[in-house]
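The values are calculated or read from the model by the stated rules, or taken from the named source; none is laboratory data. As the structure is a computational prediction, the values presented were derived from the model and not from experiment. All Cβ positions, even for glycine, are placed from backbone atoms using ideal geometry, and neighbour counts span all protein chains on display.
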There are 2 protein chains.
Amino acid sequence: MDDVVEPDAADMQLPRVLAALADPHRLASVRFLARNGESWCTQVMQEAGLALSKSTFSHHLRIMREAGLVTKRIQGAKGYARLRKDDVDRRFPGLLDSVLNAEAPARV
Amino acid sequence: MDDVVEPDAADMQLPRVLAALADPHRLASVRFLARNGESWCTQVMQEAGLALSKSTFSHHLRIMREAGLVTKRIQGAKGYARLRKDDVDRRFPGLLDSVLNAEAPARV
């Protein structure tokens, strides 16, 4: 499909996961996926209120996938993104909940 | 003392705190301060096993201070760093514990 390597849960690296979360657009995407489950990528971009070009969103998606936060599945001509909450929770207990429960940042 | 602005707890921004944590050297410093309490900066650098120049460590310290993770106090000719655990816990409950309890990264 593409050349992005999504790590197994055991191979997730904390600095990389934190860096993937350390951006308002990626945080908004993670919050959207946590609320809505697996979603069409275009829908994430539009409904999470991300004023981004498709290529910029793809760049953010790659960072989230390479960290292990998100997995992508292709069906037909569409890409679907899903938060790997169970995997991240197993690898770094409590981390994602603390981030998701933090007061939401100002609209990006 | 210096021009670094350490934010009040209420003004801490999640992306900035996550970015400050998203580096192996800064993570090692945060872990060291969590274990040892307020510490002489040179001691943090040496005992946390950070193979860094003093100026590079100062750069990392600035990032941690500007995010709100760490505060610095000058006494005599020495600088002392302290993890602002209570402040970070109040602002982002559970975040720091999940990071501190995560399996330690490989030695940096």
Within the bounds of region A:42-57, is there any residue that is surrounded by 17 or more Cβ atoms within 10 Å (Cβ to Cβ) and within 11 Å of the chain's Cα centre (by Cα)?
yes
Can you tell me which residues in region B:20-60 are basic (Lys, Arg) and over 19 Å from B:Glu6 (Cβ atoms)?
B:Arg31, B:Arg35, B:Lys54
Out of (1) at negative phi; (2) modelled with pLDDT of 95 or more, the one A:Gly37 does not meet is (1)
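This table checks each residue for (1) within 26 Å of A:Pro93 (Cα to Cα); (2) of a type in the set (Gly, Ala, Ser).
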position	(1), (2)
B:Ser39	no, yes
B:Met45	no, no
B:Thr56	no, no
B:His59	no, no
B:Val70	yes, no
B:Gln75	no, no
B:Ala81	no, yes
B:Asn101	yes, no
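If we only count helices (runs of 4 or more DSSP H) wholly inside region B:1-92, which ones have 3 or more residues that are within 12 Å of another protein chain (Cβ to nearest Cβ)? Spell out how you get there, then give the answer.
Values: elements: B:14-21, B:24-36, B:41-47, B:54-67, B:85-91.
Fully inside region B:1-92 and qualifying: B:14-21, B:24-36, B:85-91.
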Can you run down the residue pairs with Cβ atoms below 6 Å, 6 or more apart or on separate chains, where the first is in region B:61-88 and closer than 16 Å to B:Val4 by Cβ and surrounded by fewer than 22 Cβ atoms within 10 Å (Cβ to Cβ) and the partner is at pLDDT 95 or above and of a type in the set (Val, Ile, Thr)?
B:Arg82/B:Thr71
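Assess whether B:Ala9 counts as being of a type outside the set (Asp, Glu) and either touching a Phe, Trp or Tyr at 6+ places or on another chain (Cβ under 9 Å) or under 14 Å from A:Leu18 (Cβ atoms) (or both). If you could, list the steps in order and put the result at the bottom.
Working: of a type outside the set (Asp, Glu): yes; either touching a Phe, Trp or Tyr at 6+ places or on another chain (Cβ under 9 Å) or under 14 Å from A:Leu18 (Cβ atoms) (or both): no.
Taking the combined requirement at face value, the residue does not satisfy it.
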Residues (within 14 Å of B:Ser39 (Cβ to Cβ) and among the small types (Gly, Ala, Ser)) located in region B:78-104:
B:Gly79, B:Ala81
